[in-house]
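Undergrad: One structure, pasted below without further comment.
The values are calculated or read from the model by the stated rules, or taken from the named source; none is laboratory data. What you see is a predicted model; the values in this text were computed from it and never measured. Cβ atoms come from the backbone with ideal geometry, glycine included; neighbour counts cover every protein chain shown.
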Amino acid sequence: MNSKRWIALIVAVVLLVFSLGFRMATSVVTADFEEMFNFQQDNKFQESVIEEGNGNNQIAVLNLEGVIQDTASNSVLDSGGYNHQRFLEMLEEAGQDRTVNGIILRVNTPGGGVVESAEIHDKIVEIHEEYEKPVYISMGNTAASGGYYVAAPAEKIVAHEATLTGSIGVIMESFNFAEFADEHGIDFNTIKSGEYKDIMSASREMTDEERDILQSMIDDMYGDFVQVIVDGRDMPEEEVRELSDGRVYTGSQAQENGLVDDLGTMDDTIAMMKEDYDLGNARVIEYQQGFEVNQWLGGAVQNLFGSESDVTGIKDLLRESNAPRAMYLYTK
């Protein structure tokens, strides 16, 4: 092992020990203070005040940023990013909080996983039905595919005129190196238990039967997407299918097509909710995930050993891309 790797190993161990010690100390201190003062947090998340007002009459803003995928690391060296489970918890917290009378999601995402998008969608529906709270959507630069899927059940969707939205549909992709491997004398050895176990394999061409199997899956998921819009936007299925050919729309075009209710900014969306629900004196708060020591440590390690981290990330991307994973995702 060369000196560079020894140094990397020592730094990683030191960071690991620091993280574990920090967590233990935090747990002890928190436990002691709760026991001594019988103190309990009313909210799991840090809050910042966007607009002052009545603290018992609040509008909560949640930010949905990045690709919607449940890939948040539970390791000590977590570099941060979109955390799916954390976001679902934030939605649940906003729904349960009796001081929150309205929720605005700031959506800026090209979409993501089918399951993850459906989980957010279902949570929004649950908030409507169980807590009877309005959920508005404020679209950022991009709110496409899965980003529109999660927006569909909201009571009001507001986009900027230049927002890219739509991209309604499902996509499944993989790499295929069969021709390249054949030209360079590369052999693949595959041992499988069933005919379709290596479907979408990178080492051979896809068969017509395999393509039909995957297409039927995509068609089912596409049908679910269409139904979500039919239910959420109260639009005829035929009209939704005409709009759902995978293309993206600007915010202005989406409004003309009935996919968006109004055009405006985040501030406009807040003003609309206040007017629609007589919340003129409401305090507007923003949920924040807060400081995570794991994210700080992960970022530090990436700064120290960025090249090796990049290679690992590329390997993971190639491995995941080769799997038959359906996505509500806008790809350029």
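Undergrad: Can you name the residue in the stretch 245-274 that is among the hydrophobic types (A, V, I, L, M, F, W, C) and not in a strand (DSSP E or B) and is also surrounded by the most Cβ atoms within 10 Å (Cβ to Cβ) among such residues?
TA: Quick first cut of the stretch 245-274, residues among the hydrophobic types (A, V, I, L, M, F, W, C) only: 248, 254, 259-260, 263, 266, 270-273.
If we keep only those that are not in a strand (DSSP E or B) as well, we get 254, 259-260, 266, 270-273.
Numbers: ALA254: 25, LEU259: 24, VAL260: 29, MET266: 18, ILE270: 23, ALA271: 13, MET272: 18, MET273: 24.
Result: VAL260.
Undergrad: Only one of GLU320, GLU242 is modelled with pLDDT of 95 or more and either in a helix (DSSP H, G or I) or in the same structural domain as ALA159 (by TED's automatic domain parsing) (or both). Can you tell me which?
TA: Within the list GLU320, GLU242, the selection yields GLU242.
Per-residue answers, yes or no, for (1) among the acidic types (Asp, Glu); (2) surrounded by 24 or more Cβ atoms within 10 Å (Cβ to Cβ); (3) out of contact with any Ser or Thr (no Cβ under 7 Å at 6 or more places or on another chain); (4) assigned by TED's automatic domain parsing to the domain that holds ALA282:
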residue	(1), (2), (3), (4)
ARG86	no, no, yes, yes
ARG98	no, no, yes, yes
PRO110	no, no, no, yes
GLY113	no, no, yes, yes
ALA118	no, no, yes, yes
GLU130	yes, no, yes, yes
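Undergrad: Where residues in the stretch 133-149 are touching a helix residue (DSSP H, G or I) at 6+ places or on another chain (Cβ under 7 Å) and within 30 Å of GLU210 (Cα to Cα), which of them is surrounded by the fewest Cβ atoms within 10 Å (Cβ to Cβ)? Outline the logic, then answer.
TA: Let us first name the residues in the stretch 133-149 that are touching a helix residue (DSSP H, G or I) at 6+ places or on another chain (Cβ under 7 Å), namely 133-139, 143, 146, 149.
From the residues that got through so far, the ones that are within 30 Å of GLU210 (Cα to Cα) too are 146, 149.
Values: GLY146: 31, TYR149: 27.
In this case the residue turns out to be TYR149.
Undergrad: Please list, ordered by first then second residue, the pairs with beta carbon atoms under 6 Å, 6 or more apart or interchain, first in the stretch 273-287 and free of Cβ contacts under 8 Å to residues at least 40 places away in the same chain, second surrounded by 17 or more Cβ atoms within 10 Å (Cβ to Cβ).
TA: Sorted first by the residue in the stretch 273-287, then by its partner, the pairs are GLY280/LYS274.
Undergrad: Continuing with the same structure: Does ARG233 satisfy being of a type outside the set (Gly, Ala, Ser), surrounded by 15 or more Cβ atoms within 10 Å (Cβ to Cβ) and out of contact with any Lys or Arg (no Cβ under 9 Å at 6 or more places or on another chain)?
TA: So ARG233 fits the description; yes.
Undergrad: Can I ask one more? Of the residues that sit in the stretch 160-195 and are more than 30 Å from ASN257 (Cα to Cα) and surrounded by 15 or more Cβ atoms within 10 Å (Cβ to Cβ), which one is farthest from the chain's Cα centre (by Cα)?
TA: Pass one, the stretch 160-195, residues more than 30 Å from ASN257 (Cα to Cα): 174-195.
Applying the additional criterion that residues be surrounded by 15 or more Cβ atoms within 10 Å (Cβ to Cβ) yields 174, 176-178, 181.
On the way: SER174: 21, ASN176: 28, PHE177: 30, ALA178: 33, ALA181: 36 Å.
Here the residue is ALA181.
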